[in-house]
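Have a look at the structure below, then the notes.
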Amino acid sequence: MEVFEAIRKRYSCRAYKDKPIEEDKLERVLEAARLAPSARNMQDWRFVVVTDVQVKERLVEAANNQGFVGSAAAVIVACSESDNVMRCGQAVAPIDVAIALEHIALQATAEGLGTCWIGSFYPEPVRAILGIPEGVAIIELMTMGYPADKAGAKKRDTLESIVCREKWAF
Ligand SMILES: Cc1cc2nc3c(=O)[nH]c(=O)nc-3n(C[C@H](O)[C@H](O)[C@H](O)COP(=O)(O)O)c2cc1C
């Protein structure tokens, strides 16, 4: 699948079939994260892949009772230990982890899988459920599995409203 096609096809999938993800597909998806760029190539990201039904159920509550989290074949819990801040003043961890997660989302799309970013979660319960040590930031969760819903229309601002040329013109 062309990159742009994957970008167009990716959507937030919030209903999943009761079907596991084949190991080779899951590995390619995770490989897409491994190959992501990171500040100074620090690669300071860690991913906990949860497929156990009971653990996923516990994650539902931690994810603000978003029920579809439990129906996903896998929940990827993306973490980082980095407290680095770039010269530009921005924290490295959320940026690097977000890039890797979007690699995951796009490769998953190319594999016929659906994903959804989960930012609405309580980190401390997730930490307790998965035994994630203090000092490791839990940046985001991502659900993944075979879609049981369909993409809706993309609601996006126009290119003109978000891009200007040469000089700030908003
Ligand atoms: C950082 C981030 C956090 C998000 N958290 C949630 C979430 O907790 N639950 C949810 O259903 N969708 C979540 N979303 C999905 C957004 O609502 C979705 O990406 C947006 O509405 C655009 O729709 P699309 O992904 O289908 O193109 C999140 C997306 C991002 C990028």
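The values are calculated or read from the model by the stated rules, or taken from the named source; none is laboratory data. On a predicted model such as this, the values are computed, not experimentally measured, just so you know. FYI the Cβ positions are ideal-geometry reconstructions off the backbone, even for glycines, and counts take in every protein chain you see. Keep in mind that these areas ignore ligands, DNA and RNA; they rest on the heavy atoms of the full protein, side chains included. Shrake-Rupley method; radii C 1.70, N 1.55, O 1.52, S 1.80 Å.
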message = What pairs come out if I take residues in the stretch 156-170 that are open to solvent by 80 Å² or more (accessible area, probe 1.4 Å) and pair them with residues that are at pLDDT 95 or above whose C-beta lies under 8 Å away, six or more apart or interchain?
response = F170/C164
task = Give the residues of the stretch 21-33 that are within 20 Å of I118 (Cα to Cα) and either open to solvent by 50 Å² or more (accessible area, probe 1.4 Å) or assigned to a loop (DSSP other than H, G, I, E, B) (or both), sorted by residue number.
result = I21, L30
message = For the stretch 1-56, which positions are within 15 Å of A78 (Cβ to Cβ) and among the hydroxyl-bearing types (S, T, Y)?
response = S38
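Taking the options I76, I118, I138, name whichever one is in contact (Cβ under 8 Å) with a residue 12 or more places away in the chain and in contact with a Pro (Cβ under 8 Å, 6 or more places away or on another chain).
Values: I76 fails: in contact with a Pro (Cβ under 8 Å, 6 or more places away or on another chain); I118 fails: in contact with a Pro (Cβ under 8 Å, 6 or more places away or on another chain).
Every option except I138 fails the conditions.
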query = Name the strands (runs of 3 or more DSSP E) wholly within the stretch 72-152 that hold at least 3 residues that are closer than 18 Å to L35 by Cβ?
reply = 74-80
query = Name the residues in the stretch 111-127 that are more than 16 Å from the ligand (Cβ to nearest atom) and more than 22 Å from S82 (Cβ to Cβ), would you?
reply = E111, G112
task = For G131, indicate whether it is away from the ligand (no atom under 14 Å from the Cβ), open to solvent by less than 80 Å² (accessible area, probe 1.4 Å) and without any contact (Cβ under 8 Å) to a residue 60 or more places away in the chain.
result = yes
ask   = Right, V49: out of contact with any Phe, Trp or Tyr (no Cβ under 8 Å at 6 or more places or on another chain) and either open to solvent by 90 Å² or more (accessible area, probe 1.4 Å) or more than 16 Å from the ligand (Cβ to nearest atom) (or both) or not?
value = yes
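Based on this model, can you work out whether A73 counts as more than 13 Å from L141 (Cα to Cα), buried (at least 17 other Cβ atoms within 10 Å of the Cβ), of a type outside the set (D, E, K, R) and within 16 Å of the ligand (Cβ to nearest atom)? Don't jump to the end; show me each part of the working.
Details: more than 13 Å from L141 (Cα to Cα): yes; buried (at least 17 other Cβ atoms within 10 Å of the Cβ): yes; of a type outside the set (D, E, K, R): yes; within 16 Å of the ligand (Cβ to nearest atom): no.
Criteria not met by A73.
Would you mind stating whether G89 is over 23 Å from M42 (Cα atoms), out of contact with any strand residue (DSSP E or B) (no Cβ under 6 Å at 6 or more places or on another chain) and not charged (D, E, K, R)? Please lay out each step first, then the result.
Values: over 23 Å from M42 (Cα atoms): no; out of contact with any strand residue (DSSP E or B) (no Cβ under 6 Å at 6 or more places or on another chain): yes; not charged (D, E, K, R): yes.
Considered against the rule, which asks whether it is over 23 Å from M42 (Cα atoms), out of contact with any strand residue (DSSP E or B) (no Cβ under 6 Å at 6 or more places or on another chain) and not charged (D, E, K, R), G89 comes out as no.
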task = Give the residue that is nearest to A78 (Cα to Cα), with candidates limited to residues of the stretch 144-155 that are surrounded by 10 or more Cβ atoms within 10 Å (Cβ to Cβ) and more than 9 Å from the ligand (Cβ to nearest atom).
result = M144
task = Would you check which residues across the stretch 1-20 are open to solvent by 40 Å² or more (accessible area, probe 1.4 Å) and part of a helix (DSSP H, G or I) and list them?
result = V3, F4, E5, I7, R8, K9
